[in-house]
Amino acid sequence: MRIQNSLNNMFFGLSGQVISAIMGFMVRTVFIYTLGIEYLGVDGLFTSILIMLSLANLGFDTAIVYSLYKPLAENDINRIQALMNLYQKAYRRIGIIILLIGLSLLPFLPNLMNGETTISNITIIYLLFLSNSVLSYYFVYKQSIIIADQRNHIISKIHTVFTIVSNIAQIIVLVSIGNYIVVLSTQIAFRVIENVYVANKANQLYPYLATKNNATLSKEDRKLFFENLYALMLYKISGVVISGTDNIIISKFVGIVWVGVYSNYLLIISTLNTLLGYLFYSITASVGNLNVNENAEKKYFVFRVLNFANFWIYGFCVVSLWSLINPFINIWLGDKYVFEKYIVFAILLNFFTAGMQNASTTFRDTTGLFKRGKYRPIIAAIINVVVSIILVQKMGIAGVLLGTVISRFCTYFWYDPYVIFRFVFKRSVMSYFVRYICFVLLVTLSAIITDTLGGLISTSLILNIVIRAVLCLIIPNFIFFMIFRKSEEFKYLWNIAHSITNKIPSRLLVKESP
């Protein structure tokens, strides 16, 4: 049942994200040709500021989803209602906090931009970004119960429909009016409607959410919840500082236009991260259920499988991006939007090291190990900001990204696996690090071979991309297959893939009844 739920979530999640990615590239292309790269820079900067403001979220989403695993498995309606009541109050207060902090930053916006900007109505644009963030907190909390109940695919279907309609509307506005403020207003309208729709869907699936009740957690349960929440808050602070400061530092020390150029690479990376993230996001609730019901040996095997799948997928993506991302940007937007290879290396190193944390993060979040090393995320955030500011002045954009990688290696890289192996699997963590080094060497070898062979063929840019794509498809997968074809993890994943091919498609397309 866990595998079936995970497959449903992956199938609809990935399908939705592919559609969203295609629509996103269409909107980005129209955006650049109608408004220009400077607007993209402002878009990236304000998005990063709002990511920083999401500090007010404080990890409530993860804490609530984790807390819902057991009561959902036991059908404890009173406890579910109590948790959702707490979640509702917390998120609405968070919305107010974000609004107040966001308004307080208005006088400082000019200080975050390096150089003059020709864009007018900056204040109005920022207020629209802020409104978009604040309004979502009044409805989005109800999707947590759908996620915890291993039914992410329901949200994926809804999000896909609204993404398609919203992006089409934005393209129409860009082509016909070419006004950024109207585009942002369109985004907000569709975001609010989508969140309201998801909230109503949750009420339909779980009717007891729609009835007024005064269910509350016991004093002991509230204490445990807020202890976990405090530790999660520190993870949240670290996460948003690490992911949210890059564009702000680039804007301040390099220039707002470079934020726009970087945002094109970031769009590709973020799209891939979202697609790949769904593979792990879709199975998070299933892993949570696994950790409630299975022994340490079974948990360890599932972790190995996830980590192996993580390596193969992210390794293949890194090899492909190293060979293809610059030629693709060149064809898509032109050579003036193409970065030097050393900057691409920093982007991909950041992408790979972040992606390789997925298995550890999934198990950490679903086993309740929030309080172990709870101050370590703050150390990571401090290292990230300090090192990024130092390196950006020496290496530009690449320095900002390397600062993020260094902060990750000093903290999350070694500590999360250590905690999981010690307290969940109860075994030495050395095997994890040995395999990690092997994975890195294999990805590096595959990237060098693939890119070298692709560079030997001198032809038109489009044909060269096709040839490189074929090499990327064959070489890394062949190397990985030859080395790991006899491993337990590969055999397990192969059996699942075989079952999907032969049995699952018809079942995946059957609409699940509430």
Length added when fully stretched, residue 473-residue 127, from 0.36 nm per residue minus Cα-Cα: 120.1 nm
Mean Cβ neighbour count within 10 Å, used as a protection proxy, ranking 440-449, 458-467 highest first: 440-449, 458-467
When each of 299/426; 70/426; 70/212 is checked by Cα-Cα distance, pairs over 20 Å: 70/426; 70/212
Solvent exposure ordering (accessible area, 1.4 Å, most first) of 312, 414: 414, 312
Accessible surface of residue 252 - all protein chains present, 1.4 Å probe, nearest 10 Å²: 100
Cα-based shape type of segment 376-417, given that a ≥ b ≥ c are square roots of the gyration tensor eigenvalues and the cut on a/c is 1.5: prolate
Model label zone, residue 101; criterion: amide N under 17 Å from point 7 Å along Cα-to-beta-carbon; scope segment 122-153: 127, 129-138
Accessible area (Å², 1.4 Å probe, nearest 10) - residue 456: 130
Those residues of segment 387-427 whose amide nitrogen sits under 17 Å from the label point placed on residue 378, 7 Å along Cα→Cβ: 411-412
Local net charge near residue 162, Cβ-Cβ under 14 Å (Lys/Arg +1, Asp/Glu -1): +2
Accessible surface of residue 246 - all protein chains present, 1.4 Å probe, nearest 10 Å²: 10
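The values are calculated or read from the model by the stated rules, or taken from the named source; none is laboratory data. These figures come from a predicted structure and were not determined experimentally. Note that each Cβ is placed from the backbone with ideal geometry, even for glycine, and that neighbours are counted across all protein chains shown. Keep in mind that these areas ignore ligands, DNA and RNA; they rest on the heavy atoms of the full protein, side chains included. Shrake-Rupley method; radii C 1.70, N 1.55, O 1.52, S 1.80 Å.
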